Amino acid sequence: MPVVLGPVHKKYPQKPITKGILLFFTLLSLPLLNACSQNTTQQNTLPPSKETPITESFANKGKIEELLNAEFTLQREGPNKAFEAFYELASKSGNIALIERLTHIAVVSQNRLYIERSANLWLSVDPTSEAAYSLKLQVLIKDNRAEEVTTLLINAMRHKVSLRFLPIYLEDNVRDNDQVNTIETAIYALPPELKNNQYIQVSYAHLLLLSGKYQLAINASEKLLAQKNTDKNEALYLILAFSQKSLGLLDDAIKTLQTASQYFPKNTRTITPLIDFLVENEQPKAATEFFQKTDLETPEKLQVGINLMRTLLEHNQPGLALATANDLPEKQLGLSNQVQYLTAIALAQLDKKAQAVKVMEKVDGALRTNATNQIALWLYDDNKENDINNMVLRRTTRENMPEQVAAISRLHEEKGHTDLSFELINNALIALPESDALRYHKALLADTLGNWKITEKELTTLLQKDPDNPQYLNALGYTLLTRTKRIDEAMRYIESAYEKADNDPAIIDSLGWGFFLKGEFEQSSYYLKKAWSILPDAEIAAHYGESLWKQRHYKEAIAVWEAALETSPDTPLLLDTIKRLSPSLLEEQKQDKPS
């Protein structure tokens with residue numbers, strides 16, 4: 001790597017290695033292990049304060065009462081109220097133990113100004129404190145103060161303080177473009193003679209990886225690894241491996257991580273991507289054998305094993321995923337739901353759906369909703385959709401009922417079973433009659449099924465509870481507008497909704513269509529054009545086009561319909577409107593489509 005580091009691109013893409021999605025409702029809520037961005041170091045934390053005789057020191061100086069008052073304020077009113085009292089005591093005394101306590105208080109307060117002030121005080125007394133430099137660095141980077149970051153790094157190096165905190169902080173914040181850019185700018189501004197610092201160069205190599213300059217990242221990391229005096233931490237191997245993989249050099253990336261695993265045999269940050277890369281490189285058995293040989297503590301063994309199961313399933317290796325489940329520690333430390341979830345997915349991939357459902361039924365906790373959704377999909381696959389609603393109601397807790405029922409209702413509707421969707425919502429309302437979300441959904445579905453009187457009843461009930469809700473007002477008004485001859489009553493509801501939400505395209509569309517039905521066509525076109533400009537929806541297009549057509553603006557109407565057909569060619573209302581008014585347009589559309 002050249003001594004003078006140049007700037008890399010200012011736009012940072014997502015991490016080069018990403019996971020695929022296994023199924024429609026599957027693994028999104030499971031924690032992903034990705035080596036190049038995870039670090040166990042917590043931000044804004046300090047090592048435990050040293051047990052030093054603070055009170056004894058203050059007793060000798062007659063300050064014990066002030067210290068006790070500060071402690072009392074801390075206990076009764078919290079860190080924000082206590083900070084100034086502690087700061088005054090710490091700054092007057094110069095006592096390192098008290099300054100460390102002050103800094104802990106600042107960190108707990110989450111006040112950046114307090115953290116910076118305490119770090120500055122600490123550095124004024126001990127300019128070699130790595131922890132103080134690390135804390136101040138975080139504040140400066142979060143505030144995008146690149147010049148001050150440069151100055152801080154220079155001061156740290158001149159006091160011979162290790163900069164190992166810099167690459168660690170970069171790893172923890174790779175997704176924050178502003179912070180990454182600040183780090184890059186600060187590094188670029190360093191004097192040339194200081195850019196040879198190994199932690200500066202590790203950070204720069206990571207920046208190259210993030211910016212997509214993979215070959216340069218490889219060159220930089222390989223050079224650092226070749227140097228005898230370099231702290232060869234896992235970050236360097238990860239930068240090298242992910243850069244190699246991004247260039248398609250998967251075999252090289254695997255070799256790099258295998259070397260890293262020899263140096264760091266219990267480091268999950270290198271073990272996890274190595275296992276992933278082996279599976280991706282069509283060596284799933286090698287990955288599982290490597291996992292079996294790892295000597296990890298139970299929590300780490302579980303996390304790596306769960307990640308391996310997920311990776312195997314993504315690459316259609318359900319048998320090995322089940323074998324991996326059997327190799328996991330017996331004590332699963334609260335992770336049994338994840339193991340059961342993945343086990344069920346593996347059984348399903350092996351076409352053992354009945355077993356898969358039984359295992360998935362046991363999944364609880366944070367994955368309960370995902371498991372319910374997945375069971376519903378499997379029941380549809382086996383033509384057992386009539387069993388879904390009872391399963392959902394049995395598995396769903398009251399607090400999750402509206403969201404869970406809404407998800408399954410959408411599934412029913414996508415599968416063409418609106419009747420099952422209505423049945424589910426109706427039964428859910430019996431269990432949870434106070435849910436306005438369920439009642440509103442029921443009202444809309446009833447209208448879809450032609451039971452508009454149920455729609456009117458349910459919306460009236462909702463409006464009794466919430467008379468100013470614009471969605472309820474609009475839904476009831478539109479229902480009356482399209483299902484009855486009570487146009488004036490319908491318009492009162494819609495106009496009231498418009499007063500409360502005059503930029504909602506659905507409400508504006510209802511208002512425009514109401515004017516159309518009243519024969520006020522210019523007013524109709526005005527509002528329908530406004531709705532169309534906000535949301536070019538096919539149903540709005542149907543109404544707007546018909547209003548234009550009625551006024552003999554045929555070309556404008558056809559233009560609106562053509563635009564809607566491009567994006568939503570199967571919308572029933574749009575197709576019915578065009579068939580009534582301009583059937584030749586549909587014929588032309590068919591002829592224009594490539595055969």
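The values are calculated or read from the model by the stated rules, or taken from the named source; none is laboratory data. The shown structure was predicted, so the numbers you read here are calculated from the model rather than taken from an experiment. Neighbour counts run over all protein chains shown; Cβ positions are idealised from the backbone, glycine included. Note: accessible area is taken over every heavy atom of the protein model, side chains too, but ligands, DNA and RNA are not part of it. Shrake-Rupley method; radii C 1.70, N 1.55, O 1.52, S 1.80 Å.
Against the criterion of being in contact (Cβ under 8 Å) with a residue 60 or more places away in the chain, in a helix (DSSP H, G or I), acidic (Asp, Glu) and within 25 Å of Gly248 (Cβ to Cβ), Glu222 does not qualify.
Cβ-Cβ distance below 7 Å, separation of 6 or more or different chains: which pairs start in segment 553-574 with a residue that is without any contact (Cβ under 8 Å) to a residue 24 or more places away in the chain and end on one that is surrounded by 15 or more Cβ atoms within 10 Å (Cβ to Cβ)? Taking only residues 6 or more apart or on different chains, the pairs are Glu556/Leu548. For beta carbons closer than 7 Å, sequence separation of 6+ or different chains, a first residue in segment 308-329 that is closer than 13 Å to Leu347 by Cβ and in contact (Cβ under 8 Å) with a residue 12 or more places away in the chain and a second that is open to solvent by less than 30 Å² (accessible area, probe 1.4 Å) and small (Gly, Ala, Ser), the qualifying pairs are Met309/Ala321; Met309/Ala325; Leu313/Ala321; Leu313/Ala346; Pro318/Ala346; Ala321/Ala346; Leu322/Ala346. Does segment 123-142 contain at least one residue that is free of Cβ contacts under 8 Å to residues at least 24 places away in the same chain and either outside any helix (DSSP H, G or I) or acidic (Asp, Glu) (or both)? Checking segment 123-142: not a single residue is free of Cβ contacts under 8 Å to residues at least 24 places away in the same chain and either outside any helix (DSSP H, G or I) or acidic (Asp, Glu) (or both).
Against the numbered list (1) of a type outside the set (Lys, Arg); (2) part of a helix (DSSP H, G or I); (3) at pLDDT 95 or above, Asn316 comes up short only at (2). Could we say that Ser134 is closer than 30 Å to Ser91 by Cα and open to solvent by 10 Å² or more (accessible area, probe 1.4 Å) here? Taking the combined requirement at face value, the residue satisfies it. Quick check: anything in segment 388-395 without any contact (Cβ under 8 Å) to a residue 12 or more places away in the chain and within 16 Å of Leu424 (Cβ to Cβ)? Yes, there is a match, as at least one residue in segment 388-395 is without any contact (Cβ under 8 Å) to a residue 12 or more places away in the chain and within 16 Å of Leu424 (Cβ to Cβ).
Filter segment 158-168 for residues that are of a type in the set (A, V, I, L, M) and farther than 25 Å from Gln244 by Cβ; which is farthest from the chain's Cα centre (by Cα)? My answer is Val161.
For segment 255-291, the set of residues classified as free of Cβ contacts under 8 Å to residues at least 60 places away in the same chain and closer than 22 Å to Lys213 by Cβ consists of Lys255, Thr256, Leu257, Ala260, Phe277, listed by residue number.
So that you can scan it fast, the table gives a plain yes or no per residue for (1) part of a helix (DSSP H, G or I); (2) modelled with pLDDT of 95 or more; (3) touching a helix residue (DSSP H, G or I) at 6+ places or on another chain (Cβ under 6 Å):
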position	(1), (2), (3)
Asn326	yes, no, no
Gly334	no, no, no
Ala344	yes, yes, yes
Leu347	yes, yes, yes
Ala356	yes, yes, yes
Ala371	yes, yes, yes
Leu377	yes, yes, no
Asn389	yes, yes, yes
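Just wondering, is there one or more residues in segment 169-176 that are more than 28 Å from the chain's Cα centre (by Cα), assigned to a helix (DSSP H, G or I) and acidic (Asp, Glu)? Checking segment 169-176: not a single residue is more than 28 Å from the chain's Cα centre (by Cα), assigned to a helix (DSSP H, G or I) and acidic (Asp, Glu). The set of residues from segment 199-225 being over 16 Å from Ala241 (Cβ atoms) and open to solvent by less than 20 Å² (accessible area, probe 1.4 Å) comprises Ile200, Gln201, Ser203, Leu207, Ser211.
Criterion first (farther than 23 Å from Ala506 by Cα and in a helix (DSSP H, G or I)) does Ala437 satisfy it? The answer is no for Ala437. Just so you know, in segment 174-190 the residues that are in contact with a helix residue (DSSP H, G or I) (Cβ under 7 Å, 6 or more places away or on another chain) and open to solvent by 30 Å² or more (accessible area, probe 1.4 Å) include one that is farthest from Leu236 (Cα to Cα), and it is Ala189.
Could you check segment 188-229 and list, in sequence order, the residues that are farther than 19 Å from Tyr169 by Cβ and over 35 Å from the mean Cα position of the chain (by Cα)? The answer is Pro191, Pro192, Glu193, Asn196, Lys223, Ala226, Gln227, Lys228, Asn229.
Checking each residue in segment 226-240 for being hydrophobic (A, V, I, L, M, F, W, C), without any contact (Cβ under 8 Å) to a residue 40 or more places away in the chain and open to solvent by less than 30 Å² (accessible area, probe 1.4 Å) picks out Leu236, Leu240. Scanning segment 158-172 for residues that are open to solvent by 30 Å² or more (accessible area, probe 1.4 Å) and touching a residue at least 12 places away in the same chain (Cβ under 8 Å) turns up His159, Lys160, Ser162, Arg164, Ile168, Asp172.
Quick one: is Lys301 part of a helix (DSSP H, G or I), in contact with a helix residue (DSSP H, G or I) (Cβ under 8 Å, 6 or more places away or on another chain) and open to solvent by 10 Å² or more (accessible area, probe 1.4 Å)? Judged against the criteria, Lys301 is not a match. Taking segment 277-289 as the range and being open to solvent by 20 Å² or more (accessible area, probe 1.4 Å) and either closer than 13 Å to Lys245 by Cα or among the small types (Gly, Ala, Ser) (or both) as the test, the residues that pass are Glu280, Asn281, Ala286. Of the set (1) buried (at least 21 other Cβ atoms within 10 Å of the Cβ); (2) assigned to a helix (DSSP H, G or I), all apply to Val363 but (2).
So which of Ile494, Ile454, Ile507 is modelled with pLDDT of 95 or more, under 34 Å from the mean Cα position of the chain (by Cα) and of a type in the set (Val, Ile, Thr)? One residue alone meets the criteria, Ile507.
May I ask you to list the residues in segment 403-412 that are open to solvent by 30 Å² or more (accessible area, probe 1.4 Å) and in contact (Cβ under 8 Å) with a residue 24 or more places away in the chain? Answer for segment 403-412, where residues must be open to solvent by 30 Å² or more (accessible area, probe 1.4 Å) and in contact (Cβ under 8 Å) with a residue 24 or more places away in the chain: just Glu403.
One line per residue, one yes/no per condition, for (1) open to solvent by 60 Å² or more (accessible area, probe 1.4 Å); (2) over 28 Å from Trp532 (Cα atoms); (3) hydroxyl-bearing (Ser, Thr, Tyr):
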{"position": "Asp419", "(1), (2), (3)": "yes, yes, no"}
{"position": "Glu456", "(1), (2), (3)": "no, no, no"}
{"position": "Thr461", "(1), (2), (3)": "no, yes, yes"}
{"position": "Lys465", "(1), (2), (3)": "yes, yes, no"}
{"position": "Ile507", "(1), (2), (3)": "no, no, no"}
